[in-house]
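Taken together, the values in this text are just the output of simple stated rules run on the coordinates, not laboratory data. Since we're looking at a predicted model, the values are computed, not measured. Here Cβ is always computed from backbone atoms with ideal geometry, including for glycine, and neighbour counts include all displayed protein chains.
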Amino acid sequence: MERKSFQLGDVVEMKKPHPCGTNAWKVIRMGMDIRMKCTGCGHSVLLPRSKFEKRMKKVLASTDPPQS
Ligand SMILES: [Zn+2]
């Protein structure tokens, strides 16, 4: 089972693309709510975490820090 994990700075793909045609969102704030920014037009959206997780399809680019 794949776990949806994401972190600040990740670029994610949502189930529905933004009306501007872009489907790549950068996570710019995390907490109870997630703020993400459309990488196409710069529009930002605030979503409750649960809603975000439901709408998110996958992580396109992760900023996973090299830790061991
Ligand atoms: Zn957009």
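Looking across region 9-42 at every residue that is in contact (Cβ under 8 Å) with a residue 40 or more places away in the chain and surrounded by 12 or more Cβ atoms within 10 Å (Cβ to Cβ), the one that is nearest to the chain's Cα centre (by Cα) is identified as Val12. Looking at region 11-64, the strands (runs of 3 or more DSSP E) lying wholly inside it that each contain 1 or more residues that are near the ligand (Cβ under 9 Å from one of its atoms) sit at 25-29, 33-38.
Could you check region 12-56 and list, in sequence order, the residues that are β-branched (Val, Ile, Thr) and in contact with an Asp or Glu (Cβ under 9 Å, 6 or more places away or on another chain)? Passing the criteria: Val27, Ile34.
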